[in-house]
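The values are calculated or read from the model by the stated rules, or taken from the named source; none is laboratory data. Small disclaimer: the values here were computed from a predicted structure and weren't measured. Because the Cβ atoms are built from the backbone with ideal geometry, glycine has one as well, and the counts that use them run over all protein chains shown. Quick note on the areas: whole protein, heavy atoms, side chains included, nothing else; ligands and nucleic acids left out. Shrake-Rupley method; radii C 1.70, N 1.55, O 1.52, S 1.80 Å.
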Amino acid sequence: MTLHLVDGSGYIHRAFHAIRGLRTSRGLATNAVYGFATMLRKFARESRPELCAVVFDAGRETFRSQMYADYKMNRPAPAEDLAVQFPYARRIAAALGFPIVEAPGFEADDVIATLATRACAAGWRVVIDSADKDLFQLVNDCVTVWDPMRERTYDEAGVREKLGVAPSQVRDWLALVGDSSDNIPGVTGIGEKGATELIAAGGSLEGVYERLDTLAPRRREALVTNRECAFLSRDLATLRHDVPVDLELESLRPAVPDRRTLTDLLTELEFRSLLAEVVEEERRERASGPGGAAPVAGEPAAVAVAVGRDVSWEAALAEVAAAESPAVAAVFGTRDPSCPDCLAIGVATTPERALVFPPSGAADGFLGDLAAALARTSWRAANFKELFQVFAARGVELALPGLDPVIGNYVLHPERESQSLDSLALEALQLSLPPAKDAAPGAVAARACAVARVSAEVASGLEEAGLSAVVRDVEVPLARVLAEMEATGIAVDRGALSAMSVSLAGDLQAAEKRILEAAGTVFNPNSTKQLAEVLFGKLHLPVVRKTKTGPSTDVSVG
């Protein structure tokens, strides 16, 4: 049996400093929790632990701050951007099914030490997931430390290689070195190399002080002057193995991840890439289960009805005309507005059923008949502009839809980077759609049914925000104008452009000649390296700003 102990506080602190500038559209900082979620999912995927706990600090006040008032005093209170992310980290861990352990008055490292000791006593193996060297003091025959940053396991030999001392000597080593991040003083003037030499010779902190008369005067003086700090530092660095954690080790079995809670969290935090991974994992798991893929709760199946095979063209068009709000999605082979290629059109007459029209096999006049059927309804369409161009290229004018949910979502959330049916379905429905160029009936039906479902969500949001008329009367008609502009193009006076090109080439040659004359040497002005050598080496101009490759020559320093 192996117990994995994850240093949750360490994970989130490292992520906070490693990732910068990540926020939701509402301004909530998410850099730390994003890194935490990514690392914890990687841990779950690669370790698949039988037993596991994610351990957090319970707060800043611990027995160490009572022992030494200046403990961590040089560390400011967590920045607001970090503090607000800890609750989300705990929620992410819980949604992934991991037990969470913390103990008021103690740090995460002490809880880890206590659980590791109890597990070893039970005859289990322990793997500590952390990059904190303080935890090296726990390494023994049954405990190893896995550093997820360096992707390295530290056993007893690994600790010796890393620090030059045995795990049992780590706390003595820390007593001499100290820890600036925790404001553990150590011995002033003794660095890591010196501490390793002293502990190797003395065996322990006591042994170091027993051999003072064998040391060089400067080192001896440092140890004598800081004797009290050294022993205090060891007490501060020593992990507690007796934290009152009221749980049975057997209870630390990971639960089945709560996918719905997890997807809701990832949606709230706007982690689109992670959300897509989670949704796709869930889809693959369902597909590999008995009977193949089955819809999750709340996700209706998309029934594909192939027109011309499962239903006649006439019946299909009648069904479209009778639907209250049919939803259209098309699969394009190219987005060339002058020659658009549409591989298939899906029309969802309900959120669970879609008719799939293959234009390449349609009878003459099919697109005109479909446009006429849609015109009699309050239809919706994703990517209306491209769809309009497909119909227009075949001489068919397509009436304006009541809503394009992608356009509507952009009006609601203009700050979002990704504006597509795929991202909208992922965020609104936690639904991963088939690839946009997949023309298989099932794939086309899935996209059309997704249009129907997200349209309802977007329409509700627009109504609540009072923006329905803006989308209907301004944004959707503008999409048609843009489609016509793209297909029409603009007139170009080739003669004028050619003359302009010749004129500009002459101006450029004249400018380069003046540059070479001013420099007094022949070089390539388009080479930033050669330009820098001339400006700052030959002409001795002042360097305004430096880059990794040398002095900057861009326009901002001119």
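Before moving on, here are some points about what is shown:
- Among residues of the stretch 401-423 being assigned to a helix (DSSP H, G or I) and of a type in the set (S, T, N, Q), the one that is surrounded by the most Cβ atoms within 10 Å (Cβ to Cβ) is N409.
- Filtering G123, G97 for residues that are within 18 Å of A44 (Cβ to Cβ) and assigned to a loop (DSSP other than H, G, I, E, B) leaves a single hit, G97.
- From L398, L374, residue being open to solvent by less than 10 Å² (accessible area, probe 1.4 Å) and assigned to a helix (DSSP H, G or I): L374
- Verdict on P435 being assigned to a loop (DSSP other than H, G, I, E, B), touching a Lys or Arg at 6+ places or on another chain (Cβ under 6 Å), closer than 27 Å to L317 by Cα and of a type outside the set (A, V, I, L, M, F, W, C): no
- Exactly one residue among L426, L431, L462 is in contact with a strand residue (DSSP E or B) (Cβ under 9 Å, 6 or more places away or on another chain), open to solvent by less than 40 Å² (accessible area, probe 1.4 Å), farther than 18 Å from V347 by Cβ and not aromatic (F, W, Y), and that residue is L462.
- Residue match in the stretch 225-235 (condition: modelled with pLDDT under 85 and of a type in the set (S, T, Y)): no
- Every pair of residues 6+ apart whose Cβ atoms lie under 9 Å, when the first sits in the stretch 207-221 and is open to solvent by 80 Å² or more (accessible area, probe 1.4 Å) while the second is basic (K, R) and assigned to a helix (DSSP H, G or I): D213/R220; T214/R220
- Per the conditions (1) out of contact with any Leu (no Cβ under 9 Å at 6 or more places or on another chain); (2) modelled with pLDDT of 95 or more; (3) crowded, with 21+ Cβ neighbours inside 10 Å, the sole criterion not satisfied by V55 is (1).
- Qualifying residues in the stretch 20-49 (those that are β-branched (V, I, T) and closer than 30 Å to T2 by Cβ) - the one surrounded by the fewest Cβ atoms within 10 Å (Cβ to Cβ): T38
- Meets criteria (closer than 30 Å to F388 by Cα and surrounded by 11 or more Cβ atoms within 10 Å (Cβ to Cβ)) for A483: yes
- Subset of the stretch 485-509 [among the acidic types (D, E) and over 38 Å from the mean Cα position of the chain (by Cα)]: D493, D507
- Annotation note: of R64, R26, R60, the sole residue that is modelled with pLDDT under 90 and in contact with a Leu (Cβ under 6 Å, 6 or more places away or on another chain) is R64.
- Which numbered condition G207 misses (of (1) within 49 Å of the chain's Cα centre (by Cα); (2) closer than 27 Å to D132 by Cβ): (1)
- Residue selection: L135 fails the criterion of being assigned to a helix (DSSP H, G or I) and more than 20 Å from L5 (Cα to Cα).
- Flag if R118 is part of a helix (DSSP H, G or I), under 20 Å from A58 (Cα atoms), open to solvent by 10 Å² or more (accessible area, probe 1.4 Å) and not small (G, A, S): no
- Residues (buried (at least 17 other Cβ atoms within 10 Å of the Cβ) and not in a helix (DSSP H, G or I)) located in the stretch 79-94: Q85
- Checking D172, D182 one by one, the residue that is open to solvent by less than 30 Å² (accessible area, probe 1.4 Å) and either aliphatic (A, V, I, L, M) or modelled with pLDDT of 90 or more (or both) is D172 and no other.
- Note on the stretch 247-265: among residues that are of a type in the set (D, E, K, R) and modelled with pLDDT of 90 or more, the one that is least open to solvent (accessible area, probe 1.4 Å) is D258.
Rundown of residues vs (1) within 15 Å of the chain's Cα centre (by Cα); (2) in contact (Cβ under 8 Å) with a residue 60 or more places away in the chain; (3) not in a loop (DSSP other than H, G, I, E, B), yes/no style:
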site	(1), (2), (3)
R20	yes, no, no
G27	no, no, no
V33	yes, yes, yes
A37	yes, yes, yes
L40	yes, no, yes
R45	no, no, yes
A53	no, yes, yes
D57	no, no, no
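- Complete set of residues in the stretch 223-244 that are open to solvent by 90 Å² or more (accessible area, probe 1.4 Å), in contact (Cβ under 8 Å) with a residue 40 or more places away in the chain and basic (K, R): none
- Within the stretch 388-424, the residues that satisfy the criterion of being among the aliphatic types (A, V, I, L, M), over 18 Å from V454 (Cα atoms) and out of contact with any Gly (no Cβ under 8 Å at 6 or more places or on another chain) are V390, A392, A393, L398, A399, L400.
- Every pair of residues 6+ apart whose Cβ atoms lie under 6 Å, when the first sits in the stretch 378-391 and is within 13 Å of L403 (Cβ to Cβ) and in a strand (DSSP E or B) while the second is open to solvent by less than 10 Å² (accessible area, probe 1.4 Å) and polar (S, T, N, Q): R380/S455
- Residue, modelled with the highest pLDDT, within the stretch 276-329, restricted to residues that are assigned to a helix (DSSP H, G or I), over 31 Å from the mean Cα position of the chain (by Cα) and not hydrophobic (A, V, I, L, M, F, W, C): E319
- The listed residue being free of Cβ contacts under 8 Å to residues at least 12 places away in the same chain, farther than 30 Å from V279 by Cα and out of contact with any helix residue (DSSP H, G or I) (no Cβ under 8 Å at 6 or more places or on another chain), out of A166, A157: A157
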